[in-house]
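Worksheet: the structure to be examined is printed underneath.
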Number of protein chains: 2
Amino acid sequence: MNQLIHQFKAEFFKALAHPARLAILEQLRTGEKSVGELQAGLNADQSTVSQHLARLRASDLVQVRKEGTTAYYSIRDPAIFELMDVAKKIFNNQLVDRQALLRQLRNESRSRAA
Amino acid sequence: MNQLIHQFKAEFFKALAHPARLAILEQLRTGEKSVGELQAGLNADQSTVSQHLARLRASDLVQVRKEGTTAYYSIRDPAIFELMDVAKKIFNNQLVDRQALLRQLRNESRSRAA
DNA sequence: TTATTATATATAAATATTCAAATATAAGGA
DNA sequence: TCCTTATATTTGAATATTTATATATAATAA
């Protein structure tokens, strides 16, 4: 696979690699939201939210619709949710593995104690 | 969704957000590879590859098996390929959209010229 | 033991990202 | 026109990431 392609793909993943941006995308699951609404669910200040939205726009992950002075953001390609769901699955598998490991470590120390 | 969860998920995406690391994961599609083999396909120097592998290990994306002085890396959860495939799909959709836009712009300028 | 091979880690400089403060823009109302 | 509301952009400081160089470690061979 081409190095340039990996460069572009890395940019794409970078766009997802921030908690605030993930929270924004998560909020957009239920449909379009204004910047104000997004900000309310985010505990970050106005310019920070706007900057993260700019980043998501730059990677074509979201689109804007303006109505008066209000900007409504929505997801460009719903496949992004598919991606986030697969990520969640991987994530959960990891948690399960870790729990199994912890359980095993606990049992080993119990055996040694006995 | 919890802020802490988004923090963890962002870490996960950060692990993917580098061209060299994507190239490594791509190489591991066909099975385990030694550090040397990975390096050969990567055009980066030894310590750089090793550092990227450390990052992938830290995020539990890969696992190591040592045999003598050689370290063989492999994918921890094949679901990662599912993720990369969905990413590819989104990526291709974006390219299609852009091409359509370009085509449209070309047609418009042709109409104006006529 | 010394040398070699394969890999890992520490360090530091270069670069990129994030955030908040200040400022800009644009629409609508008084 | 001036004010307000909603959003965007610029800037600079703080922080994080990346890379190469140098060094460390561990297995094996000579």
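Taken together, the values in this text are just the output of simple stated rules run on the coordinates, not laboratory data. Note that the structure is predicted; figures quoted are calculated from it, not measured. No Cβ is skipped: glycine too gets one built from the backbone with ideal geometry, and neighbour counts run over all protein chains shown.
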*Across region A:25-32, in residue order, what do the Karplus-derived ³J(HN,Hα) couplings come to in whole Hz, using 6.51 cos²θ - 1.76 cosθ + 1.60 with θ = phi - 60° and x for Gly and Pro?*
4, 4, 5, 7, 4, 8, x, 5
*What residue among B:65, B:57, B:98 shows peak mean-square fluctuation when chain B is described by a Gaussian network model with Cα springs under 10 Å?*
B:98
*Which distances in nm, rounded to one decimal and ordered from shortest, link the label point of residue B:106 to the equivalent label points in the other identical copies, with labels set 7 Å from Cα toward Cβ?*
6.4
*Put a point 7 Å out from Cα along the line to Cβ at residue B:3; what are the distances to that point in the other copies, in nm, shortest first?*
4.1
*One decimal, nm, shortest first: give the distances between the label point of residue A:85 and those of the same position in the other copies, each label point 7 Å from Cα along Cα→Cβ.*
1.5
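Ignore the peptide's own chain and count Cβ atoms of other chains within 10 Å of each Cβ in B:75-84; give me the average, rounded.
On the way: counts 0, 4, 6, 1, 7, 3, 1, 7, 9, 4.
The per-residue average across the peptide is 4.
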*Can you pull the mean other chain C-beta count within 10 Å for peptide B:86-94?*
6
*For residue A:62, residues with placed amide H under 5 Å, excluding near neighbours*: A:57, A:76
_Between helix B:3-16 and chain B: long-axis angle, C-alpha atoms, 0 to 90°, nearest 10_ = 90
*Using the eigenvalues of the Cα gyration tensor, what equivalent ellipsoid semi-axes result for the protein assembly as shown when each is taken as the square root of five times the eigenvalue, whole Å, largest first?*
38, 26, 13
*Of the residues A:53, A:16, A:101, which exhibits the maximal mean-square fluctuation in a Gaussian network model of chain A defined by a 10 Å Cα contact cut-off?*
A:101
*Per principal axis, descending, Cα span of region A:1-76 in whole Å*: 44, 24, 22
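Where nothing but the Cβ of Lys and Arg (+1) and of Asp and Glu (-1) is charged, how large is the charge dipole of region B:58-102 around its Cα centre, in debye to the nearest 20?
Numbers: 6 positive and 6 negative charges, 21 e Å.
Charge dipole, region B:58-102, about its Cα centre: 100 debye, nearest 20.
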*List the lysines whose alpha-carbon lies under 28 Å from that of residue A:9, not counting same-chain residues fewer than 8 positions away?*
A:33, A:88, A:89, B:9, B:14, B:33, B:88, B:89
*What residue among A:28, A:102, A:42 shows peak mean-square fluctuation when chain A is described by a Gaussian network model with Cα springs under 10 Å?*
A:102
